[in-house]
Amino acid sequence: QVQLADSGGGSVQPGGSLRLSCAASGGTFSYYPMAWFRQAPGKEREFVSRINSRGIITFYSDSVRGRVTISRDNAKNMLYLRMDSLKTDDTAVYYCAGQPAGRSFTDNPFQYDYWGHGIQVTVSS
C-alpha cells in the first residue's frame, strides 16, 4: 500500500517562502507521476503543480507559475514544493498526490490514488 507523508507547512507573511515535503513509502516512487493540490475553505480542490516520474517534465497552475518550483528526489522517495513570494490567496491546505503507473499525466485530482494528509499553509500579515 502506497503511503504519502506530507510536511513543511506553517504560517508566513506575504512575500515569504516555504518548502513543502512529501515522503513516499510502500511502492515504487520512481514510477509515479506526482502532484501538489490545495484546497481553501469554501473552495474546490485546486491543482497547483505536477511532475512526471523522472522529474523532467513539470506543469504549474497560472496562479502559482513563476513563484513555485516542484521537484523530486527518487533516490530518497521525496517530493518537494518550494514556494516563494507567497500571497494571502495561497492560504490553503496543501496535499501531495501520486498517480499509479500507466495513467495519463494529468491535473485532474480524480486520477490520483495516493494522497498525503494535508498541510496547512497560512499567509497573512
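The values are calculated or read from the model by the stated rules, or taken from the named source; none is laboratory data. As the structure is a computational prediction, the values presented were derived from the model and not from experiment. Here the Cβ is made from the backbone with ideal geometry for all residues, glycine too, and neighbour counts use every protein chain on show. When the accessible area is computed, the model is the full protein with side chains, heavy atoms only, and any ligands, DNA or RNA have been set aside. Shrake-Rupley method; radii C 1.70, N 1.55, O 1.52, S 1.80 Å.
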**Study point:** Tally of residues being surrounded by 22 or more Cβ atoms within 10 Å (Cβ to Cβ) and within 21 Å of residue 85 (Cα to Cα) across the range 23-46
**Key:** 4
**Study point:** Residues of the range 88-112 satisfying the condition of being outside any loop (DSSP other than H, G, I, E, B) and of a type in the set (A, V, I, L, M)
**Key:** 92, 93, 97
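Starting from residues that are of a type in the set (A, V, I, L, M) and within 16 Å of residue 115 (Cα to Cα), keep the ones in the range 1-22 and report whichever is surrounded by the fewest Cβ atoms within 10 Å (Cβ to Cβ).
Within the range 1-22, the match that is surrounded by the fewest Cβ atoms within 10 Å (Cβ to Cβ) is 5.
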Exercise for review: Those residues that are exposed (fewer than 12 other Cβ atoms within 10 Å of the Cβ) and in contact with a Gly (Cβ under 7 Å, 6 or more places away or on another chain), I need them from the range 102-125; list them, please.
Suggested key: 120
Revision key, fill the gap. Over the range 26-51, the set of residues within 16 Å of residue 117 (Cβ to Cβ) and under 16 Å from the mean Cα position of the chain (by Cα) is 34, 35, 36, 37, 38, 39, 45
Check your understanding: Limited to the range 64-76, what total is found for residues that are open to solvent by less than 50 Å² (accessible area, probe 1.4 Å) and outside any strand (DSSP E or B)?
Key -> 3
Check your understanding: Which pairs have Cβ atoms under 7 Å, sit 6 or more apart or on different chains, and link a residue in the range 19-42 that is farther than 13 Å from residue 90 by Cα to one that is in a helix (DSSP H, G or I) and open to solvent by 20 Å² or more (accessible area, probe 1.4 Å)?
Key -> 29/74; 30/74
Point to revise | The one condition in (1) open to solvent by less than 30 Å² (accessible area, probe 1.4 Å); (2) of a type in the set (D, E, K, R); (3) under 10 Å from the mean Cα position of the chain (by Cα) that residue 90 fails to fulfil | key: (3)
